[in-house]
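Structure record follows, encoded as structure tokens.
No lab work stands behind these numbers, since they all come straight from the coordinates. Everything numeric here is computed off the predicted structure, so don't read it as measured data. Here the Cβ positions follow ideal geometry from the backbone for every residue, glycine too, while neighbour counts run over all protein chains shown.
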Amino acid sequence: MLEKIVQIKNVGRFLNYAASGDVTFRKLTLVYAKNGSGKTTLCAILRSLQTGQQEFIAERKTLGATVPAFAHLRLNNASYQFNNDAWALTFPDIAIFDPVFVNDNVYSGDYVEHEHKKNWYRAIVGTQGVQLAKQIEDLDGQIREANDKLHAKKEAVHLPSGITLDDYLQWQPVADVEKQIQGKTVELETRQRAAAKSGEIQAKALFARVQIPSLPPDFAAVLAKQLTDIVADAEAKVRQQIARHKMGHQGESWLSQGLGYVKGDRCPFCGQAVPASDMIAAYGSHFSAAYRTLKQDVALLSQRVNSAIGEGSFLPPAGNCGQCRPC
């Protein structure tokens, strides 16, 4: 039961109201005042206390007031205060019958609409019934909105011919679809290039017959040649001499030419006598005409072998290269 309105500040016409004297409410208390005195404001404060919605008070804040709205009421020996735009406690067990209730629950306007008929039902059911009815309306609205979105999405989906939406929804994503698409793209491009080259390929001549290369006929004979008068290890001794004196790649030609200038066992460089030695014998053997001829034959044989079985031996003969029609 509402016992007393202790204080109201900055709400409507109640700029700074404070109870004084015996203003305790009885079982039946009648508040009578002319229009604009604050009766509707009291209903708004009670409705805010009932619902916990601060908007009923915030929208009636006194014009020009700089201090926040404040209200203090006593109900059933307990204090209820509205401060800092909120109630510390609410009191739902309040029945308020005013124009707001009539507009929300009974009838408002010049004619009865479908919404008014539903509001009559709410008035019969009561506060709890109204809340349930609102939940039903909200759920019904959400269902309609979801159905509209679903219908729009169905219309936006372009399905392959003969495929229903239910079948389409059963499809599962392929994990490596990008890799498969890339592979098929490369395969398609390869086939396209092959198809574009088909005419050119058909115009090509047939493959030429390749003759198996063979070694020169005197290959074994040249390898079997021997020198009977060559000094043992002559070439090795010459190589060691060239390396010992750091003559480089010109050393062999230098020694060969110098040996030709030895006349009368005299050194062409210093004029002293050249005694007989293994080194001079090795020079004579290494640079002899027979040895030079054998080396030349071996070098020529190497060139002939490369020509016979090297890469050049596999080229097609002139006039039948395979790149054009037979000449």
Practice prompt. Take a quick pass over segment 2-96 and tell me how many lysine pairs come in under 21 angstrom between Cα atoms, counting only ones 8 or more apart or on separate chains.
Written response: 8
Discussion item. Please report the net charge: other residues with Cβ closer than 12 Å to the Cβ of Leu49, K and R +1, D and E -1.
Written reply: +1
Item to complete: Calculate the length of the line joining the C-alpha centroid of segment 169-203 to that of segment 13-86, in whole Å.
Response: 80 Å
Item to complete: Amide H neighbours of Lys61 under 5 Å, at least 5 residues apart or on other chains, H built in the peptide plane: list them.
Response: Gly12
Worksheet item: Hey, can you rank 155-163, 138-146, 250-258 by average C-beta count inside 10 Å, highest first?
Response: 250-258, 138-146, 155-163
Worksheet item: What is the calculated FRET efficiency for Ser256 to Arg209, with r their C-beta to C-beta distance and R₀ = 51 Å, to the nearest 0.05?
Response: 0.60
Practice prompt. Please turn the phi angles of segment 180-193 into ³J(HN,Hα) values with the Karplus equation 6.51 cos²θ - 1.76 cosθ + 1.60 (θ = phi - 60°), one per residue in order, whole Hz, x for glycine and proline.
Written response: 5, 4, 5, x, 5, 5, 5, 4, 5, 4, 5, 5, 5, 5
Worksheet item: Leaving out same-chain residues fewer than 8 places away, which lysines sit with a Cα under 21 Å from that of Lys179?
Response: none
Worksheet, complete the sentence: At q = 0.11, 0.14, 0.17 1/Å the base-10 log of I(q)/I(0) from the Debye formula over the alpha-carbon atoms of segment 1-105 is -0.32, -0.53, -0.80
Fill in: Sorted peptide list for 86-93, 171-178, 61-68, criterion being average Cβ within 10 angstrom, highest first
86-93, 61-68, 171-178
Item to complete: Could you work out how far apart the two model spin labels at Lys61 and Asn16 are, taking each label as a point 7 Å from the Cα in the direction of the beta carbon, and quote it in nm?
Response: 1.9 nm
Response to the item:
Put in order of increasing Cβ neighbours within 10 Å, starting from the fewest, His114, His245 give His114, His245
Worksheet item: So which lysines pass the test for Lys184, namely a Cα distance under 26 Å, with those fewer than 8 places away in the same chain ruled out?
Response: Lys197
Discussion item. For Lys134, give me every one of the lysines with a C-alpha distance below 17 angstrom, ignoring sequence neighbours fewer than eight places off in its own chain.
Written reply: Lys117, Lys118
